[in-house]
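The numbers here are math on the coordinates, done by the rules we state, and not lab data. Please read these numbers as outputs of a predicted model, since none were measured by experiment. FYI the Cβ positions are ideal-geometry reconstructions off the backbone, even for glycines, and counts take in every protein chain you see.
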Amino acid sequence: MYLIDTNIFLEVLLSRSRKDDCKKFLTALYKGEKTGIITDFTIHSIIVIMRNFNKLHELKTFLLSLTAYKGLMVYNTTLKDELNAVEIATLHALDMDDAIQYAVALSTEADAILSFDKHFNNLSIPREEP
C-alpha cells in the first residue's frame, strides 16, 4: 500500500511534465489494481492550490472522483499524527507538510511513499515514483 503524496495528483491536475506516469498509476488505483492512502491534509492542500490557480471546475471533478477510486482510502489525520509530525520534522529536518505525510505513512505502515519529493529519501519507508 502506498501513501500518495500531493504532487502525484497535482501533476495530473495541473498538466505538468510527469502527468502521464501519474495518470497510469492513478488509473490502476482507480481500478483497484493498486492500493493507496491519501490524507485529508493532501486533499486540503490540493483545494488551496487549485483555488490559487483558479481551477475550481477541475477541483470539483477531482473531489467527486475520489469517491470512485476502488483502491484509495482517505485517511483523516489525528492530533497524535500531527504531534508525531512535529517530532519527525525535528528529527529528519523535514518541513511540516512532508512530516505529516511521513507520520501517516508510519502509522498506516505504508510500503512506500509515492512522491517526486526527494525529502522522503533515506527514511525508513522508501520513496517511489510512478
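Computed values, structure above
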{"quantity": "Residue check, I38 within 18 Å of P130 (Cα to Cα) and crowded, with 17+ Cβ neighbours inside 10 Å", "calculated": "yes"}
{"quantity": "Enumeration of residues in segment 2-33 that are surrounded by fewer than 20 Cβ atoms within 10 Å (Cβ to Cβ) and in a loop (DSSP other than H, G, I, E, B)", "calculated": "L14, S15, R16, S17, R18, G32, E33"}
{"quantity": "Residue list for segment 41-76, restricted to those being touching an Asp or Glu at 6+ places or on another chain (Cβ under 7 Å) and surrounded by fewer than 11 Cβ atoms within 10 Å (Cβ to Cβ)", "calculated": "N76"}
{"quantity": "Candidate set from segment 77-114 (those that are hydrophobic (A, V, I, L, M, F, W, C) and part of a loop (DSSP other than H, G, I, E, B)); member that is surrounded by the most Cβ atoms within 10 Å (Cβ to Cβ)", "calculated": "A110"}
{"quantity": "Enumeration of residues in segment 115-127 that are more than 14 Å from V104 (Cβ to Cβ), in contact with an Asp or Glu (Cβ under 9 Å, 6 or more places away or on another chain) and either surrounded by fewer than 16 Cβ atoms within 10 Å (Cβ to Cβ) or among the hydroxyl-bearing types (S, T, Y) (or both)", "calculated": "P126"}
{"quantity": "Long-range neighbours under 9 Å by Cβ, at least six apart or interchain, first residue closer than 26 Å to S107 by Cβ and in contact (Cβ under 8 Å) with a residue 12 or more places away in the chain within segment 15-36, second assigned to a helix (DSSP H, G or I) and polar (S, T, N, Q)", "calculated": "C22/N7; Y30/S65; E33/T27"}
{"quantity": "Residue, farthest from A103 (Cα to Cα), within segment 34-66, restricted to residues that are assigned to a helix (DSSP H, G or I) and small (G, A, S)", "calculated": "S65"}
